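Here it is: the structure, laid out below.
The values are calculated or read from the model by the stated rules, or taken from the named source; none is laboratory data. Quick caveat: nothing in here was measured; it's all calculated off a predicted structure. Methodologically, a virtual Cβ is constructed for each residue, glycine included, from the backbone with ideal geometry; neighbour enumeration extends over all protein chains shown.
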Amino acid sequence: MKHFTGVCPNNWIYRQGSCYKISPKGLNWNAAKSAYEALGSTLAMIKSQAEQQALGPKITHEPWIGLHRDPKDKSRWMWIDGTQATYTHWSKGEPNSVAEECGQMYTATHRWKWNDLGCSASLHYVCEIKGWFEFFKLLAEIFLILRKRLVKCYLLRPSAKKTHSRRPYNERYLAFRLAQF
Ligand SMILES: [Ca+2]
């Protein structure tokens, strides 16, 4: 994906289809959560080992991530989009206190592992937005799904005596065309 250096705003980091930025100043977890929402970004959600490995080495300042304890069951962790955290990368012995309800990522000295921490602490934080490439890919997918449905309706219409040979939905072709951007 090295060709898509222009997919993120200036000074954001592009990794695995998303853009990330570490805030220049510290806030408590809830204030950090709100800080960039108006811009369409969220606190970073790290849902796979691949994402952790791609993002981890770029992390400084031991920032907040978009991880918090489930208010209905404090033993469980969830991401700010409401999904349960199935992949986790806790530091040894963490999470270590139900009073610590928010998640942060350590830096290189702790191999970018995670820690639970009281949400009122003032930390830098990592924001995430989807890269423009992902946005265009989503638009193209929606277009192809709609197109496929329209073609299907046309073929099923009883009065339609002729059918046209149409290019089948082809993911490889889509990927090829998107790579031309
Ligand atoms: Ca802790």
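What are the residues in region 104-113 that are part of a strand (DSSP E or B) and more than 9 Å from the ligand (Cβ to nearest atom), if any?
The answer is M105, and nothing else.
Residue under question is W79, and the condition is that it be within 13 Å of the ligand (Cβ to nearest atom), assigned by TED's automatic domain parsing to the domain that holds Y14 and closer than 23 Å to S18 by Cβ; does it hold?
no
Considering only residues that are assigned to a helix (DSSP H, G or I) and either touching a residue at least 24 places away in the same chain (Cβ under 8 Å) or touching a Leu at 6+ places or on another chain (Cβ under 8 Å) (or both), which ones fall in region 42-62?
Listed by number, the residues that qualify are Q49, A50, E51, Q52, A54, L55, G56, P57, K58.
Residue under question is W90, and the condition is that it be touching a strand residue (DSSP E or B) at 6+ places or on another chain (Cβ under 9 Å), touching a residue at least 12 places away in the same chain (Cβ under 8 Å), closer than 19 Å to C127 by Cβ and within 16 Å of the ligand (Cβ to nearest atom); does it hold?
no
As an exercise: evaluate K21 against (1) part of a strand (DSSP E or B); (2) farther than 20 Å from K130 by Cα; (3) in contact (Cβ under 8 Å) with a residue 60 or more places away in the chain; (4) of a type in the set (D, E, K, R) and give the number of the one condition it does not meet.
Against the list (1) part of a strand (DSSP E or B); (2) farther than 20 Å from K130 by Cα; (3) in contact (Cβ under 8 Å) with a residue 60 or more places away in the chain; (4) of a type in the set (D, E, K, R), K21 comes up short only on (2).
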